[in-house]
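The values are calculated or read from the model by the stated rules, or taken from the named source; none is laboratory data. Model, not experiment: these values are computed from the prediction. Cβ coordinates were reconstructed from backbone atoms using ideal geometry, including for glycine residues, and neighbour counts include every protein chain displayed. The area values use the complete protein model at the heavy-atom level, side chains included, leaving out ligands, DNA and RNA. Shrake-Rupley method; radii C 1.70, N 1.55, O 1.52, S 1.80 Å.
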Amino acid sequence: MKYYITTPIFYPNSSPHIGTAYTTVAADALARYHRLLGDEVYFLTGTDENAQKIVRTAEAHNTDPKIYVDGVVERFKELWEALDISNDDFIRTTEDRHQKVVQQIFTKLYEQGDIYKSEYSGWYCTPCETFWMENKLLEGKCPNADCGRDVELLKEESYFFRLSKYQDALLNFIKEHPEFIQPSSRRNEMLRFIEGGLEDLCVSRTTFQWGIKVPFDPKHVVYVWLDALINYISALGYPDGENYKRYWPADVHIMGKDIVRFHAVIWPIILLALDIPLPKVIYGHGWYLSKEGGKISKSRGNVQDSFELIQRYGSDAIRYFLLREMQVGSDGTYSEDNVVERLNSDLANDFGNFISRSLAMVVKYRGGVVPHPGQDGVLERELKELSHEVKNAVEKSLEALDLARALEEIWRFVARCNKYVDETAPWSLAKHENQRECLDTVLYTFVECIRVMAVLTAPFMPGLPSRICRLLGVDEGFIRWEEADQWGISEPGTLVQKGEPLFPRIDISQYMTAGETKIVDQDQNIGQDINQTQAQKETTEPTPAPEFEPIKEEISMDEFAKLDLRVAKILSAEKVAKTDKLMKLEVEVAGVVRTVVSGIAKHYAPEDLVNQYVVLVANLKPAKLRGITSQGMILAASQGEVLEVLMVNKDLPGGARVK
Ligand code: ME8
């Protein structure tokens with residue numbers, strides 16, 4: 001199956017923000033999901049550059065529009081990369097490949113009589129790039145709900161597009177295809193709007209020259225919306241390109257509710273006039289609002305630096321927040337403290353904690369080796385059934401483009417996994433040798449639960465699969481959607497590790513005082529000084545390299561051979577009283593039990609060490625530490641504040657040589 005999904009092409013009059021990011025992350029999650037299903041996916045995003053507001057912004061920055069947009073487009077591309085957006089193409093409407101197609105279509109529509117020349121007399125809102133008739137204005141201002149700004153009177157010769165001619169054909173199409181405009185609330189709005197009567201649309205301007213020239217009348221430039229909508233086919237190489245033949249019609253055009261009208265009226269009418277099939281779904285999501293209630297937008301000045309947010313919390317956490325918080329048909333509220341709350345509760349506490357807790361138990365009780373499971377009990381059967389139910393529900397939600405619902409479903413499974421840990425209490429099973437098989441089943445089930453969680457979350461948080469696979473000792477091919485509800489996929493005998501927490505808890509006061517959002521002007525350096533921005537980047541302080549101890553002088557092989565290194569099993573561990581550094585260990589090596597005092601107490605709890613196999617310098621002269629004779633030394637790696645005892649995970653007995 002093919003799957004073609006697009007975002008709007010964004011105006012590069014200012015840098016992308018968390019609102020623009022939402023649409024792009026949502027499209028990305030859907031694209032990734034369809035790739036996991038095995039579909040042939042084409043995911044398009046880009047920038048809409050031929051707008052009058054671009055000219056105005058460039059003027060305000062004392063620069064040329066092209067130089068200005070080049071700077072902002074780089075920001076878009078960088079942000080999409082930072083957010084792991086997997087678009088297959090990025091179209092800019094200043095590119096030749098786009099301009100040629102727009103000119104060709106404009107000429108065709110003119111030649112077939114769907115475009116005609118007349119005179120426009122009415123109002124124009126430059127921020128919205130929309131024409132308004134006098135009777136639609138609200139107290140003389142732009143009537144758009146999130147705009148309300150000044151409009152300008154235009155009286156100019158213009159070309160017009162006969163929308164009215166296609167009104168009935170469009171109404172019929174919408175009525176016959178209830179899935180065409182989603183969610184249904186937007187469909188009803190659009191039906192009412194079209195039934196109110198469509199007026200022909202002004203599709204050219206003569207009062208500025210920035211844009212695509214009408215080929216047979218070059219004092220006109222094409223109206224930015226007619227130009228922009230065509231990107232969805234120009235990027236595919238319309239009319240003869242292979243991609244066009246393969247991928248059109250689009251499966252989903254996703255966008256904010258503010259621009260559904262252009263996509264549900266002008267775009268289908270262009271396509272009807274060209275006798276091209278219409279897209280399958282136009283989906284209009286809600287807006288991200290600030291805590292104070294207004295839409296997050298550059299013009300409202302309530303935009304936070306997206307790069308800083310990603311740096312602080314990571315792309316996966318930001319993506320999770322954006323996708324989880326916006327419910328179908330309504331708006332979402334964005335604030336940094338909401339992000340941290342979601343991160344701490346859903347990601348650190350529920351998701352990450354299950355993974356680190358359960359893997360720590362596999363390491364503790366089975367040396368990190370995934371055991372062979374025994375017979376399933378009621379709880380394991382329940383988990384399997386739930387994974388089946390959740391996978392189906394996630395698929396249904398994603399087909400309905402309800403990403404928040406899909407995540408809610410996955411978290412139902414995550415919650416059940418956490419409950420399973422408490423119900424099975426592996427720490428109690430570990431105390432009884434006759435429960436060995438039962439503990440094996442529980443530990444194996446943990447590993448399978450982690451796998452299921454990794455598969456289901458892969459479309460939403462694409463950074464996770466590789467990190468989780470590393471912990472599970474497998475490669476990324478292990479993430480197969482069709483196996484999300486199949487069990488018994490993990491191989492017993494695989495070596496897992498506990499690793500660092502996937503989502504460390506965040507203390508928000510580190511970044512800001514409660515409730516305060518840091519607003520920045522991300523665009524102050526955009527314009528003629530892209531080179532300067534580059535220079536600034538280059539002069540930012542690099543992260544200091546760690547300071548290593550110098551390497552010691554050479555020794556001969558004979559000298560090295562004097563060291564007797566052995567695997568030793570830790571039988572017991574306890575902190576040495578009145579010190580915070582020392583741990584007293586009883587270790588078994590070559591059939592003898594020895595006492596070793598080691599400076600690792602700040603880094604390990606005694607219960608993390610018992611039953612682990614470590615490396616012991618077995619022929620070191622005994623030394624007294626705090627009155628305890630230490631018979632050898634265990635090896636640990638350390639740098640700065642970090643220390644890790646070297647552990648041996650294969651099935652090697654205490655006493656095995658290390659050479
Ligand atoms: O309209 N919450 O470009 P644009 C959610 N160039 N989504 C938001 C948002 C918010 N607060 N703010 C912006 C244009 N968006 C045209 C499109 S397509 C042929 C031409 C998202 O830069 C949302 O998808 O104004 C919205 O529709 C889009 O950005 C508007 O982007």
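Rounded to the nearest 10 degrees, the angle from helix 530-539 to the longest Cα principal axis of the chain is 10 degrees. Applying a DSSP loop filter and a limit of 13 other Cβ atoms within 10 Å to the trypsin sites (Lys or Arg not before Pro) in region 132-199 leaves Arg149. Remark: region 594-659 carries a charge dipole of roughly 440 debye about the Cα centre, counting +1 on each Lys and Arg Cβ and -1 on each Asp and Glu Cβ.
Region 550-605 and region 614-659 have their alpha-carbon centroids 2 Å apart.
The heavy atoms of Met133 offer some 80 square angstrom of accessible surface to a 1.4 angstrom probe. Think of the chain as a dipole: +1 on every Lys or Arg Cβ, -1 on every Asp or Glu Cβ, centred on the Cα centre; then among Ile67, Ile105, Asn87, Asn87 lies furthest on the positive end. In terms of its C-alpha gyration tensor, region 335-483 comes out prolate, because a/c is 1.5 or above and the ratio a/b outweighs b/c. Apolar share of the accessible surface for the chain: 49 percent from carbon plus sulfur atoms, 1.4 Å probe.
By a 1.4 Å probe calculation restricted to protein chains, Lys77 has an accessible surface near 80 Å², given to the nearest 10.
Rounded to the nearest 0.05, what FRET efficiency do His388 and Leu495 give with R0 = 30 Å and r taken as the Cβ-Cβ distance? Could you check? Walk me through the numbers on the way to the answer.
On the way: r = 29 Å, r/R0 = 0.96.
The calculated FRET efficiency here is 0.55.
Helix 378-399 and the longest principal axis of the C-alpha atoms of the chain enclose an angle of approximately 20°. Prolate is the label for the chain, because the ratio a/c of its alpha-carbon gyration tensor axes (a ≥ b ≥ c) is 1.5 or higher and a/b is greater than b/c.
Relative to the longest principal Cα axis of the chain, at what angle does helix 315-325 sit, 0 to 90 degrees, rounded to 10? That works out to roughly 60 degrees. Separation of region 266-296 from region 412-483 is 40 Å, based on Cα centroids.
Heavy-atom accessible area per residue, the chain, 1.4 Å probe: how many Å²?
On the way: 30010 Å² over 659 residues.
Spelled out: the 1.4 Å probe surface of the chain, per residue, equals 46 Å².
Judged by the mean number of other Cβ atoms found within 10 Å, the most tightly packed of the peptides 89-97, 640-648 leads the ranking 89-97, 640-648.
Give me the number: length gained by fully extending Ser509 to Lys581, i.e. 0.36 nm times residue separation minus the C-alpha to C-alpha distance, one decimal in nm. Show your work: numbers first, answer last.
Numbers: separation 72, 0.36 × 72 = 25.92 nm, distance 3.00 nm.
Computed gain between Ser509 and Lys581 is 22.9 nm.
With a/c under 1.5 counting as rounded, go ahead and sort region 1-105 into rounded, prolate or oblate using the C-alpha gyration tensor (a ≥ b ≥ c being the square roots of the eigenvalues; past the cut-off, prolate if a/b is larger than b/c, else oblate).
Values: a/c = 2.95, a/b = 1.61, b/c = 1.83.
In terms of gyration-tensor shape, oblate.
Summary of packing: across the peptides 205-211, 489-495, the per-residue average of other C-beta atoms within 10 Å ranks them, highest first, as 205-211, 489-495.
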